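Below is one structure, written out as C-alpha cells, with a few remarks after it.
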Amino acid sequence: MIAFTIYNEVRGNRYRTLEEVNEMKKMLLVYVVLIAAFALYVLRFEYTSRVNSSWENRGLRGDLGETYMMITFQSGLEYWKSPLKGFEDAADALGVTVEYRGATRYDAKEQTTVIEQAIARKPAGIAISAIDPKSLIPAINKAVEADIPVILFDSDAPGSQAYSFLGTDNYKAGVTAADKMAELLGREGEVGVLTSPGQQNHEERTKGFRETIQQRYPLMHVVEVADGHGDTLKSRDETLRMMKAHPKLAGIFVTEATGGAGAGEAVQNAGNAQKLHIITFDTNKATLDLIKNGTISATIAQGTWNMGYWSLQYLFHLHHHLTVPAPSSSGENAPLPVTVDTGISVVTRSNVDDYYAK
C-alpha cells in the first residue's frame, strides 16, 4: 500500500513536469512571435526614418533605376561632348543613370521624333537643346504634361512649359563679339555675319552683334547677314561669296563653330588677297587650332559643362520634389530659376592653350 502511494506520487510529479514543459514551449513560442514582431517594427521604423529623413542627413543620392535623358540635334558634333560630360558628372554625384539621344541631322522633325520616343520610355527627366524654338513646343509640353520634368539648355524654346533654361546669354555674347571685333578693326570697317536663321540662340547672338555695332561704333557697318546652314562647306562658300561681294569686308562674325571652320577655310583659300578677322563660337579642337595659327582671331567660349551638370541637378530636384517655389523673372512663383546664364569667355591666341582638352 505504501509502495503504491509512492508510485502514484512519483507518476503524478512526472505528469506535472510534462505539463510544465508543454506550457513552457507555448510561452517560448509566444515570446518568439513577440520578439519577431518587435524586430519587424524596429526594421520598418528604421527604413521609414531613413526614407523620410532630410536629404541633408543622407545626402542627395538617387537610384540607378532613375534614368535621365539628354536630347540634342546633330548628335555627332564635338560641341555636345562638354555638356554631356557635365551631365554624366552630375549623374555620378547623384547616383543615377543617364542616356544621350539626339537627332542625327539638323532637322526639327527628327528631334521631335526623338523626344516622342523618350517620353514613351518615361524617364525621370529630360534635358533638351531645342533645334527650333517653335516647332518643338508641343513635344516639350507633352513631356511635362506626362509628369516628366523638362529642362532646356544651350538653345531655348520660349513659350514652352519647360521649367528652366540654362545657357549662354546669347544677346550679351553678341555684344561681346561686337566689342572684340571693334577692338580688332580699330573701330571702323565693314563686317558681315554668318549665322543659322530660325534658331533662337543664333538669332539672339546676331541681334546683339548688329545692335552693338550700330549703337556704339558709327564707323563700322554690318553689310550682310548670311545663312551658313550650320555646315562647313556651305559656310566656306558663303564666306567666299561675301568676300567677293564686299571687297572692303574686314571682319565676319560666325555664330557657331561649324560655320567658323568654314569661314576659316575660306580665308585660307583666299590667301593674302583679303585680310579678314573672324570671330566665332565655341572651343572645339578645329577652332582652337585655327586660332593658334592665326586664321581665326577669337572665339566665344560657353559654359557648356555647367549647362549639362546643372541641367541634371535641376531635373533631379524636380523629380524628387525638392524645390521651393520662389518669385521668378516673370513675377510668378516658379520651382526653379527660369533663366540661368552659364557664362562666356573670349579665347584668343594669347590664351588658347588653356582651352585644349587636358
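The values are calculated or read from the model by the stated rules, or taken from the named source; none is laboratory data. It should be emphasised that the depicted structure is a prediction, and the values quoted were computed from it without experimental measurement. Using ideal geometry, Cβ is built from the backbone for each residue, glycine included, and neighbour counts are taken over all protein chains shown.
In this structure, does ALA173 turn out to be in contact with a strand residue (DSSP E or B) (Cβ under 9 Å, 6 or more places away or on another chain), buried (at least 23 other Cβ atoms within 10 Å of the Cβ) and assigned to a loop (DSSP other than H, G, I, E, B)?
The answer is no for ALA173.
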Can you tell me which condition GLY230 does not meet? The list is (1) crowded, with 16+ Cβ neighbours inside 10 Å; (2) at pLDDT 95 or above, and all the others hold. (2)
Given (1) closer than 20 Å to LEU318 by Cβ; (2) in contact with a Ser or Thr (Cβ under 9 Å, 6 or more places away or on another chain); (3) loosely packed, with under 15 Cβ neighbours inside 10 Å, where does ALA139 come up short, assuming only one miss? (3)
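Of the residues ILE296, ILE278, only one is in a strand (DSSP E or B), modelled with pLDDT of 95 or more, touching a helix residue (DSSP H, G or I) at 6+ places or on another chain (Cβ under 9 Å) and β-branched (Val, Ile, Thr); which? Let's see the steps before the verdict.
Working: ILE296 fails: in a strand (DSSP E or B).
Step by step, each of ILE296, ILE278 is checked, and only ILE278 is in a strand (DSSP E or B), modelled with pLDDT of 95 or more, touching a helix residue (DSSP H, G or I) at 6+ places or on another chain (Cβ under 9 Å) and β-branched (Val, Ile, Thr).
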I need the full set of residues from region 186-206 which are at pLDDT 95 or above and surrounded by fewer than 17 Cβ atoms within 10 Å (Cβ to Cβ), in order please. GLY186, ARG187, GLU188
Taking region 61-87 as the search range and keeping residues that are assigned to a helix (DSSP H, G or I) and surrounded by fewer than 17 Cβ atoms within 10 Å (Cβ to Cβ), which one is modelled with the lowest pLDDT? GLU78
In region 99-131, anything among the aliphatic types (A, V, I, L, M) and in a strand (DSSP E or B) is listed as ILE126, ALA127, ILE128
Restricting attention to region 85-107, the residues that are without any contact (Cβ under 8 Å) to a residue 60 or more places away in the chain and either out of contact with any Leu (no Cβ under 6 Å at 6 or more places or on another chain) or within 28 Å of SER135 (Cα to Cα) (or both) number exactly 11
